[in-house]
Structure formats: C-alpha cells, structure tokens
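Contents: one structure, followed by commentary.
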Amino acid sequence: MKKIILIVFAFLLALPLFACADEITVAAAANVQFTLEDLKTEFTKETGIDVKTVIGSSGKLTSQIENGAPFDIFLSADMKYPAALYQEGFSLRSPKIYAYGVLVLWTMKDLDLSKGINILTGPGVKKIALANPQLAPYGRQAVNVLKFCKLYDPLQKELVFGESISQANQFIATGAADIGFTAKSVVLAPDMKDKGKWIQVDPQSYEPIAQGVIVLRYAQQNHSKEAKEFYDFLFSAPAREIFKKYGYSLP
C-alpha cells in the first residue's frame with residue numbers, strides 16, 4: 001500500500017511537468033508585442049502548443065539570454081543581436097529575417113502631420129519620444145532619421161528616451177511626449193489604431209529594419225520539436241497575413 005501511495009504521489013508531482021511539456025517561451029522585441037498575440041493564438045489553435053511571451057528591448061533580451069534566461073525563441077527587432085548570439089554559440093542555426101519593420105511618427109496632440117518630419121521643429125513640440133538607441137533598433141533608426149534630416153543636434157533637448165519602444169509608446173499615448181517615433185505595427189494594433197494620429201517616416205531616411213528570429217540552444221535541448229514548429233509557423237501563409245495586417249513588409 002505504501003508503494004502505491006508513493007507512486008501516486010510521484011505522479012501528482014510530475015503533473016506540472018506534463019502540463020508544461022507543450023509550452024515554449026518566446027522572447028520578443030517590443031514592436032512585435034501586439035502582432036505576437038495574434039500569432040500565438042493562431043499557432044496554438046493549429047498545434048495545441050502554448051506560447052509564453054517575454055517582451056522587452058532587443059538589447060535587454062539579448063543580455064538576458066547571454067545570462068542564461070530559459071527562452072526557446074528570440075524575435076529581435078534587427079539582425080545584429082541574434083547574429084551575435086549565434087556567433088557566441090547560443091544557437092546552432094543562424095538567424096533568419098521574418099519581417100521588415102516600418103517607422104512612424106505618432107502623436108495624441110493636435111499637430112499638423114502634413115508637415116512631415118518638419119513638424120518636430122514646430123512650436124507645439126517640446127518633447128519627442130523614441131526608444132533607447134543603445135538597446136532598441138527602432139530607437140537607433142529614429143536617431144538615423146533625425147541625423148539624415150539634420151535635426152538630431154538641434155533637437156537634443158527635446159528628445160525623451162524610453163528603455164524600449166513600449167516605454168516610448170507610453171510617453172506618446174499618455175501625452176507625456178508631444179510626439180514620438182514608433183513602429184507601424186503599434187499604431188495598427190486593435191488597442192491603438194483609433195488613438196491619436198500618425199504618419200509613416202520616409203524610408204529613405206533610415207536603414208531597412210530587418211527583423212531576425214533565432215531558435216536558441218535552450219530550445220534545442222528542451223523543446224526542440226515545439227520550437228521548430230513555431231519557427232516554421234512564422235514563415236507560413238497564416239503568419240505572413242498577420243505580419244502584413246500589422247504593417248510589416250515581408251522578405
């Protein structure tokens with residue numbers, strides 16, 4: 001009888017492990033946050049595999065991976081960070097571009113966006129939000145836009161940096177900043193698309209935002225099958241339609 005009780009007890013202890021067997025963790029750059037909700041819903045519907053997400057700046061997520069964070073897949077906002085992880089041995093497979101991001105100017109204020117980038121020098125603009133260019137590729141490209149238009153130095157005092165694009169979005173959405181740079185995927189998200197107004201930034205003024213995905217060594221050791229299914233799904237027809245819905249260009 002004692003032996004039976006021990007077996008039942010061991011089985012009950014193992015239940016959480018079985019419950020988590022079909023779950024993967026995807027670390028994703030903040031610009032993909034809303035898109036990823038649709039992606040994981042469709043993926044889980046197709047496969048039965050649950051997806052847990054961790055959202056942050058590409059730079060911060062890279063640091064977490066380098067320090068042993070148990071992530072299966074990393075969706076970066078550029079190719080630089082996943083390429084570095086591959087070179088450092090955190091993946092056995094080089095990264096692949098899953099989408100190209102689009103930069104926009106977004107505001108909750110009554111600003112005349114028909115002026116384009118020149119609106120940033122107008123009297124109604126005192127604070128301009130963007131993500132930290134040291135950690136977030138969209139922030140890096142926003143700085144490139146300002147430098148291309150010869151506005152970076154004149155507007156230094158007006159720039160407000162968020163830790164990630166999510167924090168820059170908060171500055172814009174709450175009116176803490178008069179206007180700011182964000183991803184087109186954010187302003188097209190269901191929760192955001194009717195808030196404020198936006199214009200696309202001239203793509204000639206910044207480098208293409210090639211966003212890369214990488215399957216991490218942790219997945220290859222723990223959730224190899226599930227991670228591969230999600231990776232393959234990102235390049236499937238349903239996923240491509242979701243990316244297009246959120247304003248991304250496709251490779």
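The values are calculated or read from the model by the stated rules, or taken from the named source; none is laboratory data. Predicted model only: the values in this text are computed from it and were never measured. Don't worry about glycine lacking a Cβ; one is built from the backbone with ideal geometry, like all the others, and counts go over all protein chains shown. Surface areas here come from the heavy atoms of the whole protein model, side chains and all, with no ligands, DNA or RNA. Shrake-Rupley method; radii C 1.70, N 1.55, O 1.52, S 1.80 Å.
So here's what we get for this one:
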read-out: Residue match in segment 145-153 (condition: buried (at least 18 other Cβ atoms within 10 Å of the Cβ) and either of a type in the set (D, E) or closer than 19 Å to A77 by Cβ (or both)); value: yes
read-out: Candidate set: segment 235-251, residues that are in contact (Cβ under 8 Å) with a residue 24 or more places away in the chain and of a type in the set (A, V, I, L, M); chosen: the one nearest to P203 (Cα to Cα); value: L250
read-out: Residues of segment 154-168 satisfying the condition of being free of Cβ contacts under 8 Å to residues at least 24 places away in the same chain and either surrounded by 20 or more Cβ atoms within 10 Å (Cβ to Cβ) or of a type in the set (K, R) (or both); value: K157
read-out: Selection count, segment 57-70, where residues are under 19 Å from the mean Cα position of the chain (by Cα) and surrounded by fewer than 21 Cβ atoms within 10 Å (Cβ to Cβ); value: 6
read-out: Positions within segment 111-153 being in contact (Cβ under 8 Å) with a residue 12 or more places away in the chain, outside any helix (DSSP H, G or I) and out of contact with any helix residue (DSSP H, G or I) (no Cβ under 9 Å at 6 or more places or on another chain), in sequence order; value: G124
read-out: Unmet criterion (only one of (1) over 20 Å from V201 (Cβ atoms); (2) without any contact (Cβ under 8 Å) to a residue 12 or more places away in the chain) for P95; value: (2)
read-out: Qualifying position, being at pLDDT 95 or above and either assigned to a loop (DSSP other than H, G, I, E, B) or within 30 Å of Q141 (Cβ to Cβ) (or both), among L92, L85; value: L85
read-out: Residues that are in a helix (DSSP H, G or I), hydrophobic (A, V, I, L, M, F, W, C) and either open to solvent by less than 30 Å² (accessible area, probe 1.4 Å) or without any contact (Cβ under 8 Å) to a residue 24 or more places away in the chain (or both), drawn from segment 169-197; value: I172, V186, V187
read-out: Positions within segment 89-112 being surrounded by fewer than 17 Cβ atoms within 10 Å (Cβ to Cβ) and over 20 Å from A29 (Cα atoms), in sequence order; value: G89, L92, K109, D110, D112
